[in-house]
Amino acid sequence: METDNSMIETTQKTLSKAVTFIGIGLHTGKRVSMTILPAKENIGINFVRKDVEPKCSVIPAHWDHVVSTHLSTTLANSDGVSVSTVEHVLAALRANGVDNAIIEIGGPEVPIMDGSCMPFVSVFEAVGLTTQATPRKLIYVKKPVKVRLADRFAMLMPSETARVSVRIDFKNKLVGFQTFSVDIEPEKFNQEIAPARTFAFSEQLDQLREDGLIRGGSLRNAIVVKGEQVLNHDGLRFEEEFARHKLLDCYGDLALADAFIVGHLYAFKPGHDLNVMLLRKLFACPQSWEYNENHIGPRQEHRLKPYTSDSRIREE
């Protein structure tokens, strides 16, 4: 697979060919098919709901389309058509250097697969990427930006690399206090972050199901912790798998910036709510960041004509 070590000085890329995934939605419990297709330069990443009318099917993977951050990140368009649990596939695409992609999906939720983004990454590695002619769109963090909710906080700081660091602190003794930090490069991400699975605590499961959530959850797609025991027969994949998965979620949400962020995200007790708050504050503070000099301007996803699978995404 074609990869670059820094992601910083390079051109846009897309997948070399279409790939399809079939799985269960973590919260809906419904079986869904999802196909990720190559896309033209400057399109960015867009979801397309195949089970709705084409004229209202396109949902840009963009921070200003976030409508919920409860247990996952949900996007919606102006017609109210939504797609949820987008963070894992977005993390896999961005960390592997994909700028442009069309994600056709047959329902309202991305399949959870095994609870990590490794199933996506493995396929991306197998099919490889195609290099495009246009320079990559990069955002350089110039000044620190910080958001806080009670004792939780997240901040973006200037850095020469794209780096994410997280610290988690749970009352559960098995999970407890963990920290993990990594420069986001394809090889590092795919080995150290992508296999980390989402997790839940057994005492919360009944209430979540009563709330209509995790209907598709099982030991096949999540770590379940009961007291000081992991119920999954294969145990943990990493000693700090809980922190690593939180880092995966953070990077998936950062992908909603519609550009590769060159900066250091540091988050204490991270969550989707903090991640999206941070992006909103970043773009509300234009003095805190800048584009690379050769960027091509705003993406074209907000100027899309009705979608058809024959034309992929057509520009006005």
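Any chance you could run the full-extension gain for residue 131 through residue 208? It's 0.36 nm times the residue separation minus the Cα-Cα distance, nm to one decimal. Present the calculation step by step, with values, prior to reporting the outcome.
Working: separation 77, 0.36 × 77 = 27.72 nm, distance 4.32 nm.
Length difference between fully extended and current span is 23.4 nm.
Springs join every pair of Cα atoms under 10 Å in this Gaussian network model of the chain, and among 14, 74, 134 the largest mean-square fluctuation is at 134. The alpha carbons of the chain stretch over 55, 43, 36 Å along the principal axes, in descending order.
Close amide H pairs (under 5 Å, H built 1.01 Å from N) link residue 101 with 44, 45, 46, residues at least 5 positions away or on another chain.
Computed about the Cα centre, the dipole magnitude for the chain is approximately 420 debye when only Lys and Arg (+1) and Asp and Glu (-1) carry charge, each at its Cβ. Ellipticity at 222 nm from helices only: DSSP H runs of n ≥ 4 in the chain, each -39500 (n - 2.57), divided by the residue count, give -6000 deg cm²/dmol.
Rounded to the nearest 20 debye, the dipole size of the range 1-145 about its Cα centre is 160 debye, using +1 on the Cβ of Lys and Arg and -1 on the Cβ of Asp and Glu. Each residue of the range 267-275 was assigned a 3J(HN,Hα) from its phi angle through the Karplus expression (A = 6.51, B = -1.76, C = 1.60, θ = phi - 60°), giving 9, 10, 6, x, x, 4, 4, 5, 4 Hz with x at Gly and Pro. Cα to Cα, under 23 Å, and not fewer than 8 places away if on the same chain: which lysines meet these conditions relative to residue 246? Counting by Cα, and skipping residues close in sequence, residue 246 has these lysines nearby: 146, 171, 173, 188, 226, 269, 281.
Using a 10 Å cut-off around each Cβ, can you sort 285, 250, 117 from fewest to most neighbouring Cβ atoms? Intermediate results must be reported in sequence, preceding the final value.
Details: 285 12, 250 25, 117 31.
Final ranking by Cβ density, sparse to dense: 285, 250, 117.
Values quoted throughout were computed directly from the atomic coordinates according to the rules given, and no laboratory measurement underlies them. If you're wondering where the values come from, they're calculated on a predicted model, not measured in any experiment. Backbone-built Cβ (ideal geometry, glycine too); neighbour counts: all protein chains shown.
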